[in-house]
Amino acid sequence: MSDTYHRGFKFRLYPTLEQAIQINKTIGCCRFSYNLALGKQREKDLLWWITEEMFQNGQLHSNEWKGPKFSANASMKDNAEYKKTTSWLKEVDSTAIQNTIQNLGEAYKSYYKKEKGKPKFKSKKNEIQSYTSKCNYNKGVELYVL
C-alpha cells in the first residue's frame, strides 16, 4: 500500500464579478467538452448496437463491426481540433477541460470493467458544479460551486 494520502481543505471564496464570470465559463466549457466527448462515444456505441440487432434479425451473417472503446487521449485531440473553430473554448483553463475528459475516461474504464453504470451527460441544473485544474507541481485544485 502507498504511504501517500490526499488531504482536502475547504475554503469559502468571495470572487469578484470578473472571477465569478470566469469560474462559470470554465464550468460551462468543461460540461460542454464532457458532453461532446460522451456524445461522440455514444454514437459509436449505437452503431455497434444497430449492427448487432441486424445480426440478431438475420440481416447480417455476423457482427464484425468493432467500435473503439473510449480513449481520453483521442478525445483530447478531438477537443483540441474543436477549439480551433470554437473561440469561447479558448477563454478558459485548458487543464480543467483536460481533467474533465480524463474523468470521463475513468468513468468509462469503470463501466467497461462492469464496476459502475454507463457515464451520463452532465446537466446545468445539477446543484453542485465543479471542475479540477492543475496547479504547480502537479497538485490539483478542485473547485465546487454551490
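Laboratory data are not the source of any read-out in this text; all were calculated from the coordinates shown. In this text, all values refer to a predicted model and were calculated from it rather than measured experimentally. Note that each Cβ is placed from the backbone with ideal geometry, even for glycine, and that neighbours are counted across all protein chains shown.
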Equivalent-ellipsoid semi-axes (√(5λ), Cα gyration tensor) for the chain, whole Å, largest first?
35, 19, 14
Identify all lysines with a Cα-Cα distance to LYS69 below 21 Å; exclude those on the same chain that are fewer than 8 residues away in sequence.
LYS40, LYS44, LYS77, LYS109, LYS113, LYS114, LYS116, LYS118, LYS120, LYS122
HN-Hα J couplings of the range 34-44 from phi, Karplus 6.51/-1.76/1.60, θ = phi - 60°, integer Hz, Gly and Pro as x?
4, 5, 5, 5, 5, x, 5, 5, 5, 4, 5
What number, in percent, do you get for the relative contact order of the chain if the mean sequence gap of Cα pairs under 8 Å and at least 6 apart is divided by its residue count?
26
For GLN129, which sequence-distant residues (separation of 5 or more, or a different chain) have an amide H within less than 5 Å of its own amide H, given hydrogens modelled in the peptide plane?
VAL145
Plugging the Cβ-Cβ distance of ILE50 and THR16 into 1/(1 + (r/R0)^6) at R0 = 41 Å yields, to the nearest 0.05, a FRET efficiency of 0.20
³J(HN,Hα) across the range 84-93 via Karplus (A = 6.51, B = -1.76, C = 1.60, θ = phi - 60°), whole Hz, x for Gly/Pro?
5, 10, 10, 5, 6, 6, 7, 7, 10, 5
Under 5 Å from the placed amide H of LYS116, counting only residues 5+ away or on other chains, we find TYR111
